[in-house]
Number of protein chains: 2
Amino acid sequence: MPETIPQDSVGLVQPQTLHVDQPLELECGRVLPSYDLVYETYGTLNADASNAVLICHALSGHHHAAGYHSADDPRPGWWDSCIGPGKPIDTNRFFVVCPNNLGGCHGSSGPGSQNPETGQLWGPDFPMMTVKDWVKSQAQLADALGIQRWAAVVGGSLGGMQALQWSMDFPDRLANAVVIAAAPKLSAQNIAFNEVARQSILTDPNFHGGRYYLHDTYPRQGLILARMVGHITYLSDDAMRMKFGRDLRSGRFHFGFDVEFQVESYLRHQGETFSRNFDANTYLLMTKALDYFDPARECDGTLEDALADTRCNFLVMSFNSDWRFSPERSREIVNALVQVGRNVSYAEIDTPKGHDAFLLPIPEYRKLFGAYMGRVAEATSNA
Amino acid sequence: MPETIPQDSVGLVQPQTLHVDQPLELECGRVLPSYDLVYETYGTLNADASNAVLICHALSGHHHAAGYHSADDPRPGWWDSCIGPGKPIDTNRFFVVCPNNLGGCHGSSGPGSQNPETGQLWGPDFPMMTVKDWVKSQAQLADALGIQRWAAVVGGSLGGMQALQWSMDFPDRLANAVVIAAAPKLSAQNIAFNEVARQSILTDPNFHGGRYYLHDTYPRQGLILARMVGHITYLSDDAMRMKFGRDLRSGRFHFGFDVEFQVESYLRHQGETFSRNFDANTYLLMTKALDYFDPARECDGTLEDALADTRCNFLVMSFNSDWRFSPERSREIVNALVQVGRNVSYAEIDTPKGHDAFLLPIPEYRKLFGAYMGRVAEATSNA
């Protein structure tokens, strides 16, 4: 934590856990008999529970979206740039809820937690999750918190897909969906990159068929490779050029397989750090949830058909240098929403930062995001 | 081989080997005491040896560029679409030479061949190669074949970089350089993808520090992953969409880690096939040669400085859907050549096929390529 907590921080925060003792029927056909959802909240729920905002996290995210866990926490939550007093998601006005998704590795039921029916760790037996399953479990959380209708459901990347799914599955339970740097489904290239990441993990000799917990090890190399390849897709070519260019680590070539270029050093280091903090089985589940997301297929029709019964208003945002989910993919969503007569605002942000931009404090992005959320807050207080 | 050899094929061909008993000083500071270069030739060298064309291969290429090795050869050489009677590189007019690069795994001296000084396999002790080193060894081959000056040096991708290097290192020994789908140096993103591929191989437990030959194994999984990630960069997003879309292999989701989508099946299969036919140490060397290529740095100046002493004419070609080495990268080369007053023709081919396009029989590409080579042939016969 910085020496003093910044004025615009939500400050010290504590995770909470909801235990749901009700079976959750999943899209894969299996049933979770009971489950835990760990979550954080920021701000205060108003009397009529009309100011609640749900934050949905992306592939490697979790429930800790803003603030600090302790006085010596080196950094704040993953979306601290957008959540806090006076920030786009203004905690002076909103009650913000961010859960860790099922299948995660930060406290919610997942491969690393206990299967209540066997007393053993789930490991690879944890059921495959889909975006639809997550939304269903998030609705249980809303019920438990007394939130009948979200002022907004908000997310970037895989989180944006959850916001979109909310608008389809519970059209009466949200007033706004904010869908950032997302896509209506993965492209073959997106799936291909996910598959490389999965194969890296699945073929690591320390994976042990997903039962590495029992061997007191984990597929470190597989996770490093998976993260390295993922990381490349989160940055734009330009962002990498600006950040690293062809800079050499030691100033000259040494003609070996040790690091020559800064970019190699950076990727290895990021991969290494990630491998120590993320569970391999969770990584596998999250990439599969991405692959499966396809509302049009789900309803056996077009994206317009899938979105036909939505009722909320939408803000869709994309970043022009994002090549993972390019603006074109966001415009597919926007066009379908316009077709079915929804209120949809669309902003394409000019930045060289690539897909990662949705996590960054980019002035134009924050301004537009904040303006939209300001209107959401006003509608809420006038309701 | 097809039941009858096509009219426009060079037919049955046989590799030859040049043994060079002269030391080759390398950029890395080491010396190859002697070496073998395996190569193929197609067509007939004319009396004044003025009709010779050198083909430089790319990362996973080799000397077998056209024709068939035997009557039951299932497919022709890797650039058969462009080399043969009446094809862009017309073997009725040109004497075509294609060597396997040093460090390769198809017959030229490389990690899998014997170190003449120790009698052992080179393995990881084979020296690091650069594009400049390859060009130097190719000049030895030209000498041995009595070719003082190439009518053209031609290559795609890493092969195009060799053509460019020829124009700088031996300005009097080529009349034309044909540089296809190349770049004047790798970007940080290009290096990053190479690094993922290398780490896949280097961390495979069957790599054994590059001495897997002694353990009667090879880093199969590492090579599969390396090829999978490479393969994604060779195809455009559109090409993948057209080829696979989101087609499922079994028609429905089965919610497991086996193949769900056709694109996964394709990449795994391609990677598997590649891993059986390519040497891991060679793959490492080839990716490093790509990373090191940077003529501007070499001359401690700009690309214009590097190209200032070139004399040949240039044809530069790029493909609009190539995101590995985009048209922008080719235009950097073209602009620098124009700056230093060279004759340079530039064509940007409209195709959704991505980087791989340079290997494919795309009508517009073949037509432009053939027209340029036709003029090269005329200049040769008028010389």
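Among the residues that make up the stretch A:76-85, is at least one of them in contact with a Phe, Trp or Tyr (Cβ under 7 Å, 6 or more places away or on another chain) and on the phi > 0 side of the Ramachandran plot?
No.
Are there any pairs, at least 6 apart or on different chains, whose C-beta atoms fall under 7 Å, with the first in the stretch A:209-234 and basic (Lys, Arg) and the second not in a loop (DSSP other than H, G, I, E, B), and if so, which?
A:211/A:123; A:211/A:124; A:220/A:275; A:227/A:270; A:227/A:271; A:227/A:274; A:227/A:275
Identify the single condition in (1) open to solvent by 10 Å² or more (accessible area, probe 1.4 Å); (2) not in a helix (DSSP H, G or I); (3) not acidic (Asp, Glu) that residue B:186 does not satisfy, given that it satisfies every other one.
Single failed check for residue B:186: (1).
Residues that are under 17 Å from residue A:180 (Cβ atoms), without any contact (Cβ under 8 Å) to a residue 40 or more places away in the chain and among the aliphatic types (A, V, I, L, M), at least 2 per element: which helices (runs of 4 or more DSSP H) completely within the stretch A:292-357 meet that? Walk me through it before giving the result.
Details: elements: A:295-298, A:303-307, A:327-339.
So the answer is A:327-339.
Would you say residue B:267 is surrounded by fewer than 18 Cβ atoms within 10 Å (Cβ to Cβ) and under 16 Å from residue A:194 (Cα atoms)?
No: the conditions fail for residue B:267.
Got a number for residues in the stretch A:254-276 being away from chain B (no Cβ under 12 Å) and of a type in the set (Asp, Glu)?
Result for the stretch A:254-276: 0.
So, of the residues in the stretch B:243-255 that are in contact with a helix residue (DSSP H, G or I) (Cβ under 9 Å, 6 or more places away or on another chain) and either surrounded by fewer than 21 Cβ atoms within 10 Å (Cβ to Cβ) or basic (Lys, Arg) (or both), which turns out to be nearest to residue B:358 (Cα to Cα)?
Selected residue: B:243.
Looking at residue A:251, is it more than 9 Å from chain B (Cβ to nearest Cβ), at pLDDT below 95 and not in a helix (DSSP H, G or I)?
Numbers: more than 9 Å from chain B (Cβ to nearest Cβ): yes; at pLDDT below 95: yes; not in a helix (DSSP H, G or I): yes.
Here the answer is yes, as residue A:251 does meet what is asked.
Can you pull out every residue in the stretch B:189-215 that is assigned to a loop (DSSP other than H, G, I, E, B) and within 20 Å of residue B:271 (Cα to Cα)?
Matches in the stretch B:189-215: B:203, B:204, B:205, B:206, B:207.
Please state which one of A:279, A:309 is over 25 Å from residue A:339 (Cβ atoms), more than 14 Å from chain B (Cβ to nearest Cβ) and either open to solvent by 10 Å² or more (accessible area, probe 1.4 Å) or in contact with a Lys or Arg (Cβ under 7 Å, 6 or more places away or on another chain) (or both).
Details: A:309 fails: over 25 Å from residue A:339 (Cβ atoms).
Just a single option satisfies the conditions, and that option is A:279.
Tally the residues that are in contact with a strand residue (DSSP E or B) (Cβ under 6 Å, 6 or more places away or on another chain) and surrounded by fewer than 13 Cβ atoms within 10 Å (Cβ to Cβ), restricting the search to the stretch A:351-383.
1
Please tell me if residue B:224 is buried (at least 18 other Cβ atoms within 10 Å of the Cβ) and closer than 20 Å to residue A:205 by Cα.
Yes: the conditions hold for residue B:224.
Criterion first (of a type in the set (Lys, Arg), farther than 19 Å from residue B:222 by Cβ and out of contact with any Leu (no Cβ under 7 Å at 6 or more places or on another chain)) does residue B:297 satisfy it?
Here the answer is yes, as residue B:297 does meet what is asked.
Output the number of the condition that residue B:303 fails; it satisfies all remaining conditions of (1) within 14 Å of chain A (Cβ to nearest Cβ); (2) touching a helix residue (DSSP H, G or I) at 6+ places or on another chain (Cβ under 8 Å); (3) open to solvent by less than 10 Å² (accessible area, probe 1.4 Å).
It is condition (3) that residue B:303 fails.
Scan the stretch B:195-219 residue by residue and report those that are open to solvent by 10 Å² or more (accessible area, probe 1.4 Å) and more than 9 Å from chain A (Cβ to nearest Cβ).
The answer is B:206, B:207, B:208, B:209, B:211, B:213, B:214, B:215, B:216, B:217, B:218.
Scan the stretch B:103-138 residue by residue and report those that are open to solvent by 60 Å² or more (accessible area, probe 1.4 Å) and among the hydroxyl-bearing types (Ser, Thr, Tyr).
B:118
Of all residues in the stretch A:361-383 being of a type in the set (A, V, I, L, M, F, W, C) and modelled with pLDDT under 95, which is farthest from residue A:348 (Cα to Cα)?
A:383
Of the residues in the stretch A:229-239, how many are more than 24 Å from residue A:199 (Cβ to Cβ) and assigned to a helix (DSSP H, G or I)? Walk me through how you get there before you give the answer.
Narrowing the stretch A:229-239 to residues more than 24 Å from residue A:199 (Cβ to Cβ): A:236-239.
Checking which are assigned to a helix (DSSP H, G or I) leaves us with A:237-239.
Qualifying residue count for the region: 3.
Report the residue count in the stretch A:82-95 for those that are open to solvent by less than 30 Å² (accessible area, probe 1.4 Å) and either part of a loop (DSSP other than H, G, I, E, B) or at pLDDT below 95 (or both).
Matching residues across the stretch A:82-95 total 5.
Could you count how many residues in the stretch A:139-173 are buried (at least 24 other Cβ atoms within 10 Å of the Cβ), under 12 Å from residue A:54 (Cα atoms) and either without any contact (Cβ under 8 Å) to a residue 12 or more places away in the chain or of a type outside the set (Gly, Ala, Ser) (or both)?
5
The values are calculated or read from the model by the stated rules, or taken from the named source; none is laboratory data. Worth saying up front: this structure is predicted, and the values here are computed from it rather than measured. No Cβ is skipped: glycine too gets one built from the backbone with ideal geometry, and neighbour counts run over all protein chains shown. Quick note on the areas: whole protein, heavy atoms, side chains included, nothing else; ligands and nucleic acids left out. Shrake-Rupley method; radii C 1.70, N 1.55, O 1.52, S 1.80 Å.
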